[in-house]
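Presented below is the structure to which this report refers.
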Amino acid sequence: MTKTLYAEFTVKPGCEARVAEMMRELTEHVRAEPGNVVFSPYTRESRPNEYFVFEVYRDQAAFEEHIGADYGRKFNEELASLIEGDGSELTWLQPIQ
């Protein structure tokens, strides 16, 4: 069964350019993962410092491989100081059957 999640976070003022660069780099890495099905980052049109990322992985093992990737760890470590709050808010989704 696929693993699907929706992540959201708000970038601190003055950090927008760095986070946009980081997100472009991360997107390239994640989309190259063999178990990644979808990785689609967005910003809110009216407030571009608000990020939303829709992610789908082939299965739990693919998701585990994703979260264990070194580039993801580095991204999350740096991101923590550039966003409001304690981290990304994750919402786990499941398809309607």
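The values are calculated or read from the model by the stated rules, or taken from the named source; none is laboratory data. Worth saying up front: this structure is predicted, and the values here are computed from it rather than measured. Note: ideal-geometry Cβ built from the backbone for every residue, glycine included; neighbour counts use all protein chains shown.
From the set of residues in region 1-26 that are under 16 Å from I67 (Cβ atoms) and polar (S, T, N, Q), which is farthest from the chain's Cα centre (by Cα)?
Restricting to residues being under 16 Å from I67 (Cβ atoms) and polar (S, T, N, Q), the top hit is T2.
Quick check on my filter: what residues within region 4-26 are touching a residue at least 24 places away in the same chain (Cβ under 8 Å) and of a type in the set (D, E, K, R)?
Residues satisfying the conditions are E8, K12, E16, R18, E25.
Could you tell me which numbered condition S81 fails, if it satisfies all but one of (1) touching a residue at least 40 places away in the same chain (Cβ under 8 Å); (2) over 15 Å from L5 (Cα atoms)?
Result: S81 passes all but (1).
Might you check whether a residue that is β-branched (V, I, T) and either in contact with a Ser or Thr (Cβ under 9 Å, 6 or more places away or on another chain) or in contact (Cβ under 8 Å) with a residue 24 or more places away in the chain (or both) occurs anywhere in region 38-54?
Checking region 38-54: at least one residue is β-branched (V, I, T) and either in contact with a Ser or Thr (Cβ under 9 Å, 6 or more places away or on another chain) or in contact (Cβ under 8 Å) with a residue 24 or more places away in the chain (or both).
One residue is enough: does region 52-74 have a residue meeting the conditions basic (K, R), under 15 Å from F39 (Cα atoms) and modelled with pLDDT of 95 or more?
yes
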